[in-house]
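Values in this text are rule-based calculations from the coordinates and carry no lab data. Note that the structure is predicted; figures quoted are calculated from it, not measured. Please note: Cβ atoms are built from the backbone with ideal geometry, for glycine as well, and neighbour counts cover all protein chains shown.
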Amino acid sequence: MNFKGKKVLVVGAGRSGLAAVKKLLGFGSDVILTDKQNPENLEGVNELGLAESQLILGRVPEWKEIQAELIVLSPGVSPKLPFIQEGAAQGIPVWSEVELALRGNRAKKVGITGTNGKTTTTTLIGELVQRTGRPTVVAGNIGVALSGRVDELSEEGIIVAELSSFQLELIDQLRLNIAILLNITPDHLDRHGTVEKYLAAKARIFENQTAEDLAILNWDDSAVRALAPGLKARILFISPTNYLEDGICLKGEDIVYTEKGSITRILNRKELQIRGSHNLENVMASIGAAHEMGLSFSEIAEGLRQFKGVEHRQEIVGTFDGILFVNDSKGTNPDASEKALYAFNEQPIVLIAGGKNKGLDFHDFMKIVKDQVKSVVILGMAADEMEQAAKDVGVARIVRAGSFEEGVELAISEAAAGDVVLLSPACTSWDMFKSYEERGEFFKELVRRHYREPIS
């Protein structure tokens, strides 16, 4: 598509929307930006240089006042909004920002999706492929919009993109040289409606691949494994629990690559710095992608040994008065929080949970909480339903907090030396914070404010 002179509507004035506007202006497009938020609540809009006639802010527009030739959505914007639906019904293309960002880009592209583990895997792959010496950009759902970051990359460059279901459901021609689907558990049902529709959005990551490309699938997830027969790309399976004749798996405590009966040892799992058996999925997927990009297994092993994890995902804040504080603010659904509980289950856990629910049921999660935690501090918009689920399954110690600050103080009072205070909310942050990053940073600040100096 030639964007010069085309009228393009960008919906959403967050990071992705602003990046999309800048990219389109660079193409010479006639851009209209809309956001339901009032201008005073939006940062960066004034710096775009758009005329007043190009801004529709503080309200939801009608299609008749726009009549654009292309609609580009930020990830948080529902495509079910009436004006978007009306445009789509008239045959107007509706794209996610990542489709715009990567349209026509010649760099090698690695895309990572799944309910959990995306950010860790994306970050790890980014660190590994940088060892090739090729220009590398790590962006996408990881917090950095792809638009504006990838334009200077040639065919020698590498793009490592974390892709959410919101971004993938509106791609068009996006083709990924390496596409990874880590796992599927119920999430974002308030947007997608059913798990099946959620999976279908995730599975679009493979849609435009060819036989020249690589698809990396988690053998242990039956829904993911079932996609394999319908894919055009070469397939590499990973499994932390099953031995594979062809793939990446465990042999004893060793992570190995197997192919037609031959076995190549990569490293022992105990050499990894990141905790939890779930991280083996992330590591194995990263090995497959890095090897496809030309790194030897010895180079990959060296990088894996040095990797310490990502911020806000089981991040060690510090030990204060003998209590270990862990920031897992990125645990925005029950499955992610369950993994954090299991990662630290060798010590008594005081869990801080709650926030804004995404249409998910908490009963199965609370069964894990009942078995794994000493006490649970519940807060946020989902507190009532979370507390009821906890009572229904018999969680022994439930503490309600009226604010996030109170929740952290209550958790500290519940804990003793040798315990873990774990922030892993199983909910989004959007009732109290702009992002899980902001929530995690505030948690760390509150912990450090409570203690003047760490004891160890």
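What the table below lists for this structure:
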{"item": "Likely footprinting exposure, GLU245, GLU346, fewest C-beta neighbours within 10 Å first", "result": "GLU346, GLU245"}
{"item": "Estimated FRET transfer efficiency when R0 is 35 angstrom, pair GLU212-PHE27 (beta carbons, to 0.05)", "result": "0.75"}
{"item": "Euclidean distance of C-alpha centroids, the stretch 2-75 and the stretch 252-285, integer Å", "result": "45"}
{"item": "From phi via Karplus (6.51, -1.76, 1.60), per-residue ³J(HN,Hα) for the stretch 136-149 in Hz, x at Gly/Pro", "result": "10, 10, 10, 7, x, 5, 6, x, 10, 5, 6, 4, x, 9"}
{"item": "Residue order, fewest to most surrounding Cβ atoms within 10 angstrom, among GLU409, GLU65", "result": "GLU65, GLU409"}
{"item": "Shape of the stretch 102-306, Cα gyration tensor, a/c cut at 1.5", "result": "oblate"}
{"item": "Computed lengthening from LYS308 to VAL60, 0.36 nm per intervening residue step minus Cα-Cα distance", "result": "84.9 nm"}
{"item": "Peptides 355-364, 54-63 ordered by average Cβ neighbours within 10 Å, highest first", "result": "355-364, 54-63"}
{"item": "Point-to-point label distance, SER413-MET1, nm (Cα→Cβ direction, 7 Å offset)", "result": "5.6"}
{"item": "Inter-site label distance for VAL195 and ASP361 at 7 Å from Cα along Cβ, in nm", "result": "1.0"}
{"item": "Euclidean distance between Cα centres, the stretch 327-361 to the stretch 376-393, Å", "result": "13"}
{"item": "Simple spin-label estimate for LYS80 and GLN67 in nanometres, 7 Å along Cα-Cβ", "result": "3.0"}
{"item": "Gyration tensor verdict on the stretch 1-134 (Cα atoms; rounded if a/c is under 1.5, prolate if a/b is larger than b/c, oblate otherwise)", "result": "prolate"}
{"item": "Amide H partners (placed H, <5 Å) of ARG400, local residues excluded", "result": "ILE378"}
{"item": "Long-range HN-HN contacts of VAL373 with modeled amide H, under 5 Å", "result": "none"}
{"item": "Global form of the stretch 212-310, assessed from the alpha-carbon gyration tensor, a/c cut-off 1.5", "result": "prolate"}
{"item": "ASP30 long-range amide H proximity, modeled H, under 5 Å", "result": "GLY5, LYS6, LYS7, VAL8"}
